[in-house]
Amino acid sequence: MHLSKFLYPTGNYIISNNSKSILSGPGILEHLDKIITTKIIGCQINEIHDSIICHSNGRILDQLKIYILNNKAIIINNNVNGSEIRSQLVKGIPWNKKISVIDGDDGIISYRVVGSNITKILDYFGINIIELKGNMWKEYGNMIISLTIGTDYEILEILVPIEEKSSIEYIMAECNILESKIDNWDMMRIELGIVDYFDINNSIPFDVKLNHLVKLNKGCYPGQEIHARLESRGKINNTLVRLRANSNNNKKKFKIIDGGKIKIKSSYKSNEMVISLGIIPTKYENMHSIETVENISFLIEKLD
């Protein structure tokens with residue numbers, strides 16, 4: 001996908017629509033390990049840990065990005081679920097443990113910088129790109145900065161105290177990085193195959209390509225029993241793909257002529273084309289297209 005279709009040449013920034021929670025106190029990693037689907041015990045300060053919280057039925061409540069500090073963790077998830085995630089974090093804290101959960105939504109603002117070569121802003125911060133590899137974050141003043149590198153894109157995530165909003169936006173202007181809107185981010189992430197809350201909410205992790213965030217040998221967590229049962233069957237029935245169709249139809253579900261269903265999770269329109277992330281039966285994943293009883297043909301693109 002050519003980012004030039006969406007991006008200013010030196011990059012764009014988006015104010016992220018997410019929720020922030022601060023977990024603090026001794027033993028927070030051990031506490032988190034009982035809640036999330038991955039093993040976080042043993043992770044180091046300045047490390048970023050990606051994980052999921054699931055309902056007891058094995059379906060996803062939300063995906064988390066966890067920034068590990070000294071006896072603290074900043075937890076980022078979708079803004080829809082901020083209160084519920086904090087409620088889950090509070091559950092199970094032993095009475096004799098001094099662990100607290102704080103709502104950080106009004107204190108921290110989150111920026112996402114997207115581009116194909118955004119090293120100029122790293123130069124401004126005095127950070128070498130190598131320092132951000134391997135799921136690590138760096139500090140610049142009161143800012144926390146992390147990097148994701150894709151095949152033909154780079155994404156900087158920057159957490160900033162709300163009172164320094166003007167400072168970071170001054171830096172963006174100095175580096176000639178323009179503000180973009182959430183709708184534009186949705187277009188980019190669909191084209192790049194980056195899943196968001198609405199793609200994974202209430203889904204089984206195996207159906208939305210989040211298998212790597214399910215670690216069944218790490219100890220108990222909500223939903224583990226369901227995940228273990230599914231894995232023991234050795235078969236994944238559904239998968240997430242990118243779909244393209246010449247249609248203005250706003251339906252979210254379609255019946256496939258040869259059996260099964262398409263579930264549209266998120267999409268955007270470009271002229272007469274609708275580009276979506278959707279769940280289809282795994283048996284169709286390697287096909288070029290799917291025909292539906294609604295007389296719509298979907299082109300199928302596998303996600304990396």
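I'm checking my understanding of the structure. Among residues of segment 135-146 that are more than 17 Å from the chain's Cα centre (by Cα) and buried (at least 16 other Cβ atoms within 10 Å of the Cβ), which one is modelled with the lowest pLDDT? Break it down into steps so the answer makes sense when it comes.
Taking segment 135-146 as the starting set, the residues that turn out to be more than 17 Å from the chain's Cα centre (by Cα) are 138-144.
Going one step further and asking which of them are buried (at least 16 other Cβ atoms within 10 Å of the Cβ), we end up with 138, 140, 143-144.
Working: 138: 94, 140: 91, 143: 94, 144: 96.
In this case the residue turns out to be 140.
In the set 36, 28, 41, which member is closer than 12 Å to residue 74 by Cα and assigned by TED's automatic domain parsing to the domain that holds residue 172?
On the way: 36 fails: closer than 12 Å to residue 74 by Cα; 41 fails: closer than 12 Å to residue 74 by Cα.
None of the others qualify; the one that does is 28.
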Next item on the list: Please determine, by comparing only the residues of segment 41-84 that are assigned to a strand (DSSP E or B) and among the acidic types (Asp, Glu), which one is surrounded by the most Cβ atoms within 10 Å (Cβ to Cβ).
Entry: 62
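Mind counting the residues in segment 106-134 that are outside any helix (DSSP H, G or I) and surrounded by fewer than 17 Cβ atoms within 10 Å (Cβ to Cβ)?
Restricting attention to segment 106-134, the residues satisfying the condition of being outside any helix (DSSP H, G or I) are 106-118, 126-128, 133-134.
In the following step, the residues that additionally are surrounded by fewer than 17 Cβ atoms within 10 Å (Cβ to Cβ) were identified as 106-107, 116-117, 126, 128, 133-134.
Summing the residues that are outside any helix (DSSP H, G or I) and surrounded by fewer than 17 Cβ atoms within 10 Å (Cβ to Cβ) in segment 106-134 gives 8.
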Next item on the list: Test residue 149 against the stated conditions and say whether it is closer than 20 Å to residue 14 by Cα, modelled with pLDDT under 90 and of a type in the set (A, V, I, L, M).
Entry: yes
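Restricting attention to segment 85-105, report how many residues are in a loop (DSSP other than H, G, I, E, B), within 19 Å of the chain's Cα centre (by Cα) and basic (Lys, Arg). Break it down stepwise before answering.
Step one: filter segment 85-105 for residues in a loop (DSSP other than H, G, I, E, B), giving 91-99, 104-105.
From the residues that got through so far, the ones that are within 19 Å of the chain's Cα centre (by Cα) too are 104-105.
Filter again for basic (Lys, Arg), leaving none.
Result for segment 85-105: 0.
Quick grid of which residues meet (1) at positive phi; (2) not assigned by TED's automatic domain parsing to the domain that holds residue 279:
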{"residue": "184", "(1), (2)": "no, yes"}
{"residue": "202", "(1), (2)": "yes, no"}
{"residue": "207", "(1), (2)": "no, no"}
{"residue": "215", "(1), (2)": "no, no"}
{"residue": "218", "(1), (2)": "no, no"}
{"residue": "225", "(1), (2)": "no, no"}
{"residue": "228", "(1), (2)": "no, no"}
{"residue": "232", "(1), (2)": "no, no"}
Checklist line | Residue check, residue 237 surrounded by fewer than 20 Cβ atoms within 10 Å (Cβ to Cβ) and in contact (Cβ under 8 Å) with a residue 12 or more places away in the chain | finding: yes
Margin query: Return the residues of segment 204-238 that are polar (S, T, N, Q) and not in a helix (DSSP H, G or I); say none if nothing qualifies.
Written below: 217, 237, 238
Item checked: Failed condition for residue 89, given (1) at pLDDT below 95; (2) surrounded by fewer than 21 Cβ atoms within 10 Å (Cβ to Cβ) -> (2)
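Looking at the structure I just gave you, is residue 65 in contact with a strand residue (DSSP E or B) (Cβ under 7 Å, 6 or more places away or on another chain) and within 24 Å of residue 187 (Cα to Cα)?
On the way: in contact with a strand residue (DSSP E or B) (Cβ under 7 Å, 6 or more places away or on another chain): yes; within 24 Å of residue 187 (Cα to Cα): yes.
Criteria met by residue 65.
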Next item on the list: Could you list, in sequence order, all residues of segment 29-86 that are farther than 23 Å from residue 109 by Cβ, among the polar types (S, T, N, Q) and free of Cβ contacts under 8 Å to residues at least 60 places away in the same chain?
Entry: 44, 71
Margin query: For segment 251-267, give me the residue count where each residue is outside any strand (DSSP E or B), surrounded by 11 or more Cβ atoms within 10 Å (Cβ to Cβ) and touching a Pro at 6+ places or on another chain (Cβ under 9 Å).
Written below: 1
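The values are calculated or read from the model by the stated rules, or taken from the named source; none is laboratory data. A quick note: this is a predicted structure, and the numbers were derived from the prediction, not measured. Note that each Cβ is placed from the backbone with ideal geometry, even for glycine, and that neighbours are counted across all protein chains shown.
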